[in-house]
Amino acid sequence: MKFSISREALLKPLQVVSGVVEKRQTLPILSNVLLSLDNGTLTMTGTDLEVELQAKASSVEGESGEITLPARKFMDICRTLPEGANIQISIDSERALLRSGRSRFTLSTQPAAEFPSADAITGAFEFSVSQSILKRLLDQTHFCMANQDVRYYLNGVLLEVENNKLRSVATDGHRLAVSEQETELAVGDKLQSIIPRKGVLEISRLLEDTDDACTIQITPSYIKISTGDIVFTSKLVDGRFPDYERVMPSSSDKLVIADREGMRQMLVRTSILSNEKYRGVRLNLSSGLLRATVNNPEQEEAEEELEVQYQGDDLEIGFNVSYMLDAINAVDEVQVQIGLTDSNHSCLINGVENSGSRYVVMPMRL
């Protein structure tokens, strides 16, 4: 195997696939990236056995073949070479020789036959959607994913396909995010797939805010997303996602409408003096006014008021200020609406104009 390629043509796909390669691996081969050259197309593959990424570079001159190279070292070498550099790579026995200008590097290799590859996807439900739609659905919900929760089915995002709707859902047991988009999809039964946390973050990083389509294939065990020269494959979490509709507040009789940016800034400022462990903020509602107060074990306090649209009984309720900020940051409208019932029930947060994204935050006792 021997080929020549420009630094820029090699570096972009290499950076894409290196995103899934962990620094510490139980199997040495997983620290490598697979290079496969066939008919002028160089395919690079990285995997951690759960998530696999493939990226391609075309119009590559050289001899066909395949080999694996240490991903981090290979990428660092390419990244530090000067712009416009040309890289020649040749494989000799168990070594790879990289030449560029006056630079010369020798890297260890491992056989391509030992590199694990994802199972072929057959019998998949397949559909296409614009990258911007899928990216928006994930970006507006993934911050509510659990992280290393023993309830493993919470460590990811539920992707749900129903007639004419594509929906993403995430929860860590204390808060919930639901975002949906009208589509032209037509399915018989509701299709649910839980994408693991790492896979969600990689997809969000790869997708662009563009109308270009991406193709999605889903089986009971895998999801595959293709965008031009990049192919993402991930195992799905084997579990049943909670019935999120059951915890969605249905009758919030106290509605607060506020300037989103004004409320965000108020919570950011007051959160500075919140308890670092519990992050509690106390909200006091009265006619036309919202007061936020926090305190901490050092006897420090912060208080701020914001004029809001609210006509109802006075109410005092506590929340985790970080959870409230995450939800408000995700609302992409000028005004935010908060639905409340009493101090013991969750609140429902969404934009005033569009309820396509909804956020539920449980209260906390302060």
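The values are calculated or read from the model by the stated rules, or taken from the named source; none is laboratory data. Here the structure is a predicted model, which means the values were calculated and not measured. FYI the Cβ positions are ideal-geometry reconstructions off the backbone, even for glycines, and counts take in every protein chain you see. Side chains included, ligands, DNA and RNA excluded: accessible areas come from the protein's heavy atoms. Shrake-Rupley method; radii C 1.70, N 1.55, O 1.52, S 1.80 Å.
Criterion first (in contact (Cβ under 8 Å) with a residue 40 or more places away in the chain, open to solvent by 10 Å² or more (accessible area, probe 1.4 Å), within 24 Å of residue 145 (Cα to Cα) and among the acidic types (Asp, Glu)) does residue 276 satisfy it? So residue 276 fails the test. Which condition number in (1) touching a residue at least 40 places away in the same chain (Cβ under 8 Å); (2) open to solvent by 50 Å² or more (accessible area, probe 1.4 Å) is the one that residue 301 fails? Status for residue 301: all satisfied but (1). Here residue 237 fulfils each of the conditions (1) within 20 Å of the chain's Cα centre (by Cα); (2) at pLDDT 95 or above; (3) not in a loop (DSSP other than H, G, I, E, B) apart from (3). Scanning the range 28-63 for residues that are open to solvent by 70 Å² or more (accessible area, probe 1.4 Å) and either more than 24 Å from the chain's Cα centre (by Cα) or farther than 25 Å from residue 197 by Cα (or both) yields a total of 7.
Quick check on the range 273-308: of everything there that is in contact with a helix residue (DSSP H, G or I) (Cβ under 6 Å, 6 or more places away or on another chain) and in a loop (DSSP other than H, G, I, E, B), which residue is farthest from residue 363 (Cα to Cα)? Break it down into steps so the answer makes sense when it comes.
Initially, the range 273-308 is screened for residues in contact with a helix residue (DSSP H, G or I) (Cβ under 6 Å, 6 or more places away or on another chain), giving 274, 279, 281, 292, 294, 302, 304, 306.
Filter once more, so that each one left must be in a loop (DSSP other than H, G, I, E, B): 274, 279.
On the way: 274: 16, 279: 12 Å.
So the residue we want is 274.
Scoring residue 285 on the criteria (1) of a type outside the set (Lys, Arg); (2) open to solvent by 20 Å² or more (accessible area, probe 1.4 Å); (3) more than 32 Å from the chain's Cα centre (by Cα) leaves a single failure, condition (2). Put simply, of 211, 243, 259, 253 the only residue that is free of Cβ contacts under 8 Å to residues at least 60 places away in the same chain and either closer than 30 Å to residue 287 by Cβ or not aliphatic (A, V, I, L, M) (or both) is 243. Residues that are within 28 Å of residue 24 (Cα to Cα), open to solvent by 20 Å² or more (accessible area, probe 1.4 Å) and assigned to a strand (DSSP E or B) within the range 72-98 comprise 90, 91, 92, 95, 97, listed in sequence order. Given the conditions (1) closer than 29 Å to residue 350 by Cβ; (2) touching a Pro at 6+ places or on another chain (Cβ under 8 Å); (3) small (Gly, Ala, Ser), and given that residue 170 satisfies all but one, which numbered condition is not satisfied? Result: residue 170 passes all but (2). Applying the criterion of being among the hydroxyl-bearing types (Ser, Thr, Tyr) and part of a strand (DSSP E or B) to the residues of the range 128-150, the residue that is surrounded by the most Cβ atoms within 10 Å (Cβ to Cβ) is 130. With respect to (1) over 30 Å from residue 182 (Cβ atoms); (2) part of a loop (DSSP other than H, G, I, E, B); (3) among the acidic types (Asp, Glu), the lone exception for residue 332 is condition (1).
Just to be sure before I move on: is residue 123 open to solvent by less than 40 Å² (accessible area, probe 1.4 Å) and under 24 Å from residue 240 (Cα atoms) in the structure I sent? No. Looking only at the range 306-324, decide whether some residue is in contact (Cβ under 8 Å) with a residue 60 or more places away in the chain, open to solvent by less than 40 Å² (accessible area, probe 1.4 Å) and more than 17 Å from residue 142 (Cβ to Cβ). Yes: one or more hits. One residue stands out in the range 230-271 among those that are more than 24 Å from residue 334 (Cα to Cα) and of a type in the set (A, V, I, L, M): the one that is most open to solvent (accessible area, probe 1.4 Å), namely 247.
Just one of 281, 294, 237, 334 is within 23 Å of residue 201 (Cα to Cα), in contact (Cβ under 8 Å) with a residue 24 or more places away in the chain and among the β-branched types (Val, Ile, Thr); which is it? I'd like the intermediate steps shown before the answer.
Working: 281 fails: within 23 Å of residue 201 (Cα to Cα); 294 fails: within 23 Å of residue 201 (Cα to Cα); 334 fails: within 23 Å of residue 201 (Cα to Cα).
None of the other options fit; the residue is 237.
Assigned to a helix (DSSP H, G or I) and either in contact with a Leu (Cβ under 6 Å, 6 or more places away or on another chain) or within 17 Å of residue 356 (Cα to Cα) (or both), is that true of residue 179? No: the conditions fail for residue 179.
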